[in-house]
Every structure is written in C-alpha cells, then in structure tokens.
Amino acid sequence: MRRHVIFIVILSAIFNVSFAATNMSCTPVVVKVENKNIILPGPQEQSKTSTAEVYFFNNISKKSFWLDHPVDHPSASAGWSSYLRPGNWSAMVVNRKNFTISCAEIQPGKVDYQDCAKTIAICMPKQMEVDTKHKGSYWLVEDKSWDEFVAAVKKHSK
C-alpha cells in the first residue's frame, strides 16, 4: 500500500472566491490518499469544543459518481453512499478519525473506482458549528448546486 499526503493548494483560490460571495470561508484540507480513496483526518485531539468536523465536497470532474464509506462488515452498517453530480456540493459531519471515502462511477454491470483526489475538492468551513443533537458521522447536505448548498448549510449551522 502506498500512502502519501496531498495538499490542495490550487483549490484554495477557488474556495476563497466562492465562499467570499456568501460570507463563508473554507480552508482546503490535507488528506491522505490510499488506493484511490481519501482519508479524512476527522476531529483533532487539541479541539476541546468539537467532537466532530464538517467537510465540504465539490465534484470537480465531468462525471457523476458515488461517494461511499467502505466498511468492514457491510451487513452491520447503514448505507453511506451519496451521489454527487459535476459541479455540485455535499457536506458531511465526521465524528471519528481517519474516515475513508471512496469515489465510484457505477455503470451497467460494473463499478469503476475513481481517484478521489482528482475528482473532488475538499475543504472545511471556518467557524461553523452544527446542531449536535445528531451523533455520529452523517451527510449534512447532499448533491446541491452552489446556491442550494449554501442555503442548506446555513439551515444546519448554529
């Protein structure tokens, strides 16, 4: 297995321009990449106030695909898959470290795993708190255009 760290520097400018128009700011995330999957860092130990982190995903490819969280025992877990169309956004709350996400294009009779580091841009919103009545990791907003995404995120933030 080959591990390496990717830092999304080029996308920083894109995020800053997009979020400036909505009074939101978002910082690109350093993620590990392993076998085409991305591994989100999750909550940081130094954070005393947060037991979860919010991640924003933007499909920067020209294809629609499924974001999924591979699990060791699929029959014992609820489904994690979420569809994401080109240019659209999703947001996820993650309450554990090293949360793996895979990206797959599903075609009749086959699943084509995509390199997540090349198909999605990931950032974390600054100064955003979500309602903590829901525990665990879960999709907060799924597959929305930018304007719909911002409105939905604002509904979920404190």
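What follows is calculated from the coordinates using simple rules that are stated; it is not laboratory data. Quick caveat: nothing in here was measured; it's all calculated off a predicted structure. Positions of Cβ are generated from backbone atoms using ideal geometry, with glycine treated the same way; all protein chains shown enter the neighbour counts.
Model label points for Q127 and V71, set 7 angstrom from Cα along the Cα-to-Cβ axis, are 3.7 nm apart. Placing pseudo-labels 7 Å out from each Cα toward the beta carbon at Y138 and V30 gives an inter-label distance of 3.1 nm.
Near the amide H of T27, within less than 5 Å, lie the amide hydrogens of M124, K126, all on another chain or at least 5 residues away, with H placed in the peptide plane. Here is the link list: K135/K155; K32/K155; K63/K97; K63/K144; K32/K62. Which ones come out longer than 25 Å on Cα distance? Pairs exceeding the cut-off: K32/K155; K63/K97.
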